[in-house]
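Data first, discussion second: the structure below is written as C-alpha cells.
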Amino acid sequence: MEDVLRYIESHQEKFLAELQELLRIPSISADPAHREDVLRCSRFLADHLRGIGLSVEVFQTPGNPILFASTPMIPAAPTVLFYGHYDVQPVDPLDLWQSPPFAADIRNGNIYARGASDDKGPVFAHMKGVEAFLRTRGTLPLNFRFFIEGEEEVGSAHLDPFIAAHRELLRADVVVISDTTQFAPGVPAVTYGLRGLAYLEVSLQGPSHDLHSGSFGGTVPNPAGILVDVLSRFKDERGAIRIPGFYDKVLPIASWEREMYDSLPFHAEEYRALTGVRKLRTEEGFTPLECRWARPTLDINGLYGGYAGPGAKTIIPARAGAKVSMRLVPDQDPEEIAALFTRYVLSLCPQDVSVEIKNLHGGKPVLMDVNSPWMKAARTAISKGFGKAPVLTREGGSIPVVATFKEVLQLDSLMLGFGRPDDGAHSPNEKLCLDDFYRGILTSAHLIDELGRTTAES
Ligand SMILES: [Zn+2]
C-alpha cells in the first residue's frame, strides 16, 4: 500500500483545492432557482471521474441526473457500489454563517461550506482513494462503482425507481456509504443501523376564510385551537407515543448493544450543550443514546395557521396545520405507521373542522450484520485510515436508500463516517475538518485494499 499512501500524502493540497471547487457549486436541490447549479455540479463530478480514469454514465431522470461511474472491469473480483449525493441543503438562515456558505473558506483546520460534511467532502474522499490507486497502479483490486444522486436532500424521489430498473447495472457484493459521522471527534464509527421515517402533514380547515374575531369569535370552530388540542395528545407524560399500535413491531435493544452504547465516550452534558436546550428530554427507561438510535420518536417539525406577523391582527384563521415526523426503528414500517397515525388523528379531530392528512414521505429502518466479512474489512480500513479501531453505532437519521439496497438488491451497506457530529450538517457554518478529509481518503484506499481481498465467505 505504500505507493498508494505516498500518492495521497503528496497530493493533499491538490485534493483540497479540488474539493473547494466542488463545494463552491451551490447545488441546492430544494430550490428551483439553483437547478442550473445542480446540473453544473453533476457535470463537474462526471468530468472529474472521467479525468481520474473511470467510465461515466449520466442518467437523466425526471428530477436531477444520477451519475454512475466504473473503474476498469476486473473479472472475478468483488464489486463495490459506492453511494453518495452531490446535492445539498438550503443555507438559510444566511445571517448566521460566518463566511458565505459557498465560499469554501478554510479556517482553524476546517473547510466551511454547505455540503462540506454532508455529503460532498466524504464522496470526494472516496474519489481520491480511487484516484490514488489508479494513478499509482493503473488498477484496483476490485470493481469500484460510484452511484451518485442529486436529490437526497429532497427525498430521493427518482432513486428507488432507478434502482428497480437498473438491477443489472447496480449488481455488486456490497454497498459503501459515507453519509454518516464519526461517533465523536477522534472516535471513528461504523454505523450498523439507521432509523426510518414517516413524515406527514395534518391540516385543518374551519371557516372558508379568515374571520373577524370580534364579529365571529365565540360562534365558530378555530382550527388553530383544535390543532393544538390534537397535537397535545401525541405523547404521554413519560414521553411515550400514544398512537395505538405504534410500538407493536419495535425490536428490543440487544444486550450487547446496551453494553456497547454504555461503553462509548458519550457525555450527556456536552451533548446537551451542543443542542442549547436547558435539559435533555428522553423517553422514560432509556438512555439518551438508546433514545437517539434505537427508539422511535414523534416530532412536530412545523406549525402554521393564522397571523404571525408583527403586531396584532384579530382573526379566526381559516386553516391551521402541522408537519409531523416520526423516526422509526426496526421492524416498524413507514406505511403501517402512517396509517396508524392517520387513524389516530382522525379519531381526535372533532366533526366541525375538515381534516386533510398527507403522507409526505417515508423510509424503512435498517440493521446490518456486524460480523459479516465485509463489515470486518470496513472496520480494518477505518482502523488503518484513522489510526484507531471504530466503534459500532447506529444513527438516528434516515438514509432510505440503504433499505432499498437491502430490499431490491439484497445488499448490505457499510456506513463509514468521516465527518463529525458537530460539523453542522443542515445548519449554518457547516464544516469538514481537513484531517478528517485526509483520513477519509486513507480509509477509502485501505477499504479498496481490504475489500479486494474479501469474499462473502471469508
Ligand atoms: Zn447526506
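Nothing in this text is a laboratory measurement; each read-out follows from the coordinates by a stated rule. Here the structure is a predicted model, which is why all the values come from computation and not from measurement. Positions of Cβ are generated from backbone atoms using ideal geometry, with glycine treated the same way; all protein chains shown enter the neighbour counts.
For this structure, a couple of remarks:
- Helix 434-451 axis versus longest C-alpha principal axis of the chain: approximately 60°, rounded to the nearest ten.
- Within-14-Å neighbourhood charge of residue 268 [Cβ basis; K, R +1; D, E -1]: +1
- Share antiparallel - DSSP beta bridges, the stretch 75-186, percent rounded to 5: 20 percent
- Square roots of 5 times each gyration tensor eigenvalue, C-alpha, the chain, largest first, Å: 42, 25, 21
- One decimal place: the segment residue 232-residue 301 gains 23.4 nm when fully extended, by the rule 0.36 nm per residue minus the C-alpha distance.
- For residue 332, the amide hydrogen comes within under 5 Å of the amide hydrogens of 251, counting only partners 5 or more places away or on other chains and with H modelled in the peptide plane.
- HN-Hα J in Hz across the stretch 318-333 - Karplus 6.51, -1.76, 1.60, θ = phi - 60°, x for Gly and Pro: 6, 10, 8, x, 9, 9, 10, 10, 10, 7, 10, 10, x, 9, 5, 10
- Its relative contact order, with pairs defined as Cα atoms under 8 Å and 6+ residues apart, puts the chain at 26 percent.
- Modelled FRET efficiency - R0 35 Å, residue 107 with residue 453, Cβ distances, 0.05 increments: 0.30
- Cα-based reach from residue 323 at 20 Å (exclusive), listing lysines while leaving out same-chain residues under 8 positions away: 235, 358, 364
- Other residues within the sphere of radius under 14 Å centred on the Cβ of residue 431, judged by their own Cβ, net out at -4 (K and R +1, D and E -1).
- Relative to the longest principal axis of the Cα atoms of the chain, the long axis of helix 334-348 lies at roughly 10 degrees.
- Using a cutoff of 8 angstrom between alpha carbon atoms and counting only pairs six or more residues apart, the relative contact order for the stretch 1-54 works out to 21 percent.
- Residues 68, 44, 147 arranged by fewest to most Cβ contacts within 10 Å: 44, 68, 147
- Residues 404, 282, sorted so that the one with the fewest Cβ neighbours within 10 Å comes first: 282, 404
- Converting phi to 3J(HN,Hα) with the Karplus coefficients 6.51, -1.76 and 1.60 and the offset θ = phi - 60°, the stretch 410-416 yields 6, 10, 7, 10, 9, 9, 9 Hz in sequence order, with x at every glycine or proline.
- Residue pairs exceeding 26 angstrom between C-alpha atoms, taken from 249/279; 128/388; 279/406; 406/431; 120/384: 249/279; 279/406; 406/431.
- Full-extension gain in nm, residue 240 to residue 205, via 0.36 nm per residue minus C-alpha separation: 9.7 nm
- With a cut-off of 13 Å on the backbone N, the residues of the stretch 254-288 near the modelled label site 7 Å out from residue 370 along Cα-Cβ are 254-264.
- The distance between label points at residue 383 and residue 356 comes to 5.7 nm (points 7 Å beyond Cα on the Cα→Cβ vector).
- Folded to 0 to 90 degrees: helix 12-23 orientation relative to the chain principal axis, Cα: 30 degrees
- Calculated on C-alpha atoms, the gyration radius of the stretch 149-305 divided by its Kirkwood radius gives an Rg/Rh of 1.06.
- On the beta carbon distance between residue 99 and residue 219, with R0 = 56 Å, the FRET formula returns roughly 0.55.
- Estimated from the Cβ-Cβ distance and a Förster radius of 22 angstrom, the FRET efficiency linking residue 3 and residue 74 is about 0.75.
- Under the criterion of Cα pairs below 8 Å and six or more residues apart, the relative contact order for the stretch 90-198 equals 14 percent.
- From its DSSP helices (H runs of at least four residues, each -39,500 (n - 2.57)), the chain gives a residue-normalised ellipticity at 222 nm of -10000 deg cm²/dmol.
- Kirkwood estimate for the stretch 5-47, i.e. one over the average of 1/r between Cα atoms, Å: 11.6 Å
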